[in-house]
Amino acid sequence: MKKLLNIILSMAALNAAAQTSHFTINGQIGNLDGKKVYLSFMTDGKGHEDSTTMANGTFHFTGQMNPYSSVRLALDHKGLGREIATHGGDVIYFNFANETLNIASKDSLANAQMTGSKTYDEYSAYVKAVGPMPWDIDHISNAEIAAAPELANDTAFTNQVTRHHFKMIADFQAKNLEFAKTHPYSYFAPVALFGTAANDKTVTIAEDVFKTFSPAIQATDNGKTIKGFIEAHYRLKIGAAAPIFTQVNTAGKAVSLTSYKGKIVLIDFWASWCSPCRQEIPNLLSQYKMYKDKGFEILSVSLDSSRDKWLKAIQQEGMAWAQVSDLNGGNNSVARLYGVSGIPATFLVDRDGKLISTNLRGEDLNKKLAEIFKN
């Protein structure tokens, strides 16, 4: 993420947030009636979800944050439900606090104007400074492809779009790092540092920058996330002992990694809503069947927040191995312990509880298991 914030604006937002104990979101989207609006946000390290039905274009949310949160709002124009509406539909993302935010548009959230929140104003300045956000970059790349359907099978054209896409991502990451370096008092400094800290190759750079942040910024949820990535980098060395954890299974019983001593264990971070995760499951099923009797186990840690969706996905996919979750979504305590910044993510552990490899999937996983169990 990238930036042109200043310290005065940051502190003004901090002071404003401290003066109220709840947030209010007031929306007016044309004259839409009967459409669902879905709200998702994180506070105190836990995910929260809410929804409401529009009446004559209006909607309203209220609640509490401590003190800031990354927020997602999705408007379901077609009545297809939360999952579809929040993944690729009319969705907006922003940062917000215990303030009043007014949202107004003639037709959609995507075209809405936001007023009333100092935190949102600071966030807007940050977004303007960093250039296109990742979801904007995806839209740009998709638009480039859609504009030339006759070239959809042209390798030279698709390679050109891909190169442009990754250049935009690289520019975005560079701007974010620069912002983090130059705005140590901004709430968005740790947000800007996320990509650098989440990459094992650049996490030590993030560590040096993080040390320059003010204590108040280091203590925010986003600051704690960055600190977690840094600490996980030193914990999760190949050959080191895999961090021990205990979490409850689908029956509510505690399952500990220590109970897998003597087994080759794949710790698999996934979620019911993660398409790439679910695409990998048939391969996991195949490998599990092939090597289970030779001492191979899988321990899946779900980043779901809905128990019903978690259980339904397990049943649909026929996952026969242990499943655990604290149902705290992306704030799953084991995911934080392992520095997981995105899913799917895997950690392969040997019979002595030491890390063999990380992020193995597909053929890479299959080759590694074949090597381990060749005898």
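Can you give the FRET efficiency to the nearest 0.05 for Ala219 and Asn153, using r as the Cβ-Cβ distance and R₀ = 51 Å?
0.45
Going down the table (Lys181/Lys237; Lys227/Lys354; Lys237/Lys292; Lys312/Lys367; Lys181/Lys227), which pairs top 19 Å between alpha carbons?
Pairs exceeding the cut-off: Lys181/Lys237; Lys227/Lys354; Lys237/Lys292; Lys312/Lys367.
Per residue and in Å³, how big is the convex hull formed by the alpha-carbon atoms of region 19-159? Kindly include the intermediate steps, with their values, before the conclusion.
Numbers: hull volume 19.5 nm³, N = 141.
Hull volume normalised by residue count: 138 Å³.
Roughly what % of Cα-Cα distances in region 99-234 sit above 18 Å, to the whole percent?
64 percent
Give the span of region 248-301's Cα atoms along each principal axis, as three whole-Å numbers ordered largest to smallest.
31, 28, 15
For region 50-63, take each phi angle, set θ = phi - 60°, evaluate the Karplus expression 6.51 cos²θ - 1.76 cosθ + 1.60, and give the result in whole Hz per residue in order, putting x for glycine and proline.
Along region 50-63, the couplings run 8, 8, 8, 10, 6, 10, 6, x, 9, 8, 8, 10, 9, x Hz.
If you bin the C-alpha pair distances of region 152-305 every 5 Å from 0, what whole percents do you get?
In order of increasing distance, the bins hold 2, 8, 12, 12, 14, 15, 14, 11, 9, 4, 1, 0 percent.
So, with a 1.4 angstrom probe, what is the percent of accessible area on region 246-375 that is carbon and sulfur?
Carbon and sulfur: 46 percent of the exposed surface of region 246-375.
Hey, what's the Kirkwood Rh for the chain if you take every pair of different alpha carbons, in angstrom?
22.6 Å
So for region 198-275, averaging the separation of alpha carbon pairs under 8 Å that are six or more residues apart and normalising by length, what relative contact order in percent results? Before the final figure, lay out the partial values.
On the way: 36 pairs, mean separation 14.3, N = 78.
This gives 18 percent for region 198-275.
In bins 10 Å wide, starting from 0, what share of all Cα pairs of region 299-345 does each bin hold, as a percent?
P(r) for region 299-345, in whole percents per bin: 27, 57, 16.
Looking at region 74-105, which chymotrypsin sites (Phe, Trp or Tyr not before Pro) are DSSP coil and have at most 11 other C-beta atoms within 10 Å of their C-beta?
Those that pass, being in a loop and sparsely packed, number zero.
Which FRET efficiency, nearest 0.05, do Thr162 and Gln64 yield, Cβ-Cβ r, R0 35 Å?
Efficiency at R0 = 35 Å is approximately 0.20.
Probe of 1.4 angstrom, ligands and nucleic acids ignored: what's the accessible area per residue over region 257-375, in square angstrom?
45 Å²
Whats the longest run of the chain with zero trypsin sites (Lys or Arg not before Pro) that are DSSP loop and have at most 15 other Cβ atoms within 10 Å?
107-200
Using just the alpha carbons, could you tell me how many Å³ per residue the convex hull of region 228-354 encloses?
Residue-normalised Cα hull volume stands at 97 Å³.
In Å², what does the accessible area per residue of region 180-254 work out to with a 1.4 Å probe?
Per-residue value: 48 Å².
Please give the net charge around Gly262, taking every other residue with its beta carbon less than 11 angstrom from that of Gly262, where Lys and Arg add +1 and Asp and Glu add -1. Present the calculation step by step, with values, prior to reporting the outcome.
Values: positive: Lys261, Lys263, Arg351; negative: Glu297, Asp350, Asp352.
Net of charged neighbours comes to 0.
Suppose a student asked you for the relative contact order of the chain, using Cα pairs under 8 Å spaced at least 6 residues apart; what percent would you report?
It rounds to 14 percent for the chain.
Could you compute how fast region 170-254 diffuses translationally, taking Rh as the Kirkwood radius over C-alpha pairs and applying Stokes-Einstein at 37 °C with viscosity 0.692 mPa s? Give it in µm² per second.
Answer from the Stokes-Einstein relation: 236 µm²/s.
How large, in percent, is the carbon and sulfur part of the accessible surface of region 104-181 at a probe radius of 1.4 Å? Spell out each step's value before the answer.
Numbers: 2590 of 4600 Å².
Here it works out to 56 percent.
Given the options Thr196, Thr258, Thr119, state which has the largest fluctuation in a GNM of the chain using a 10 Å cut-off (strictly under) for Cα springs.
Thr258
The values are calculated or read from the model by the stated rules, or taken from the named source; none is laboratory data. Because the structure is a prediction, the values reported are computed rather than measured. Using ideal geometry, Cβ is built from the backbone for each residue, glycine included, and neighbour counts are taken over all protein chains shown. Only protein heavy atoms, including side chains, enter the accessible area calculation; ligands, DNA and RNA are left aside. Shrake-Rupley method; radii C 1.70, N 1.55, O 1.52, S 1.80 Å.
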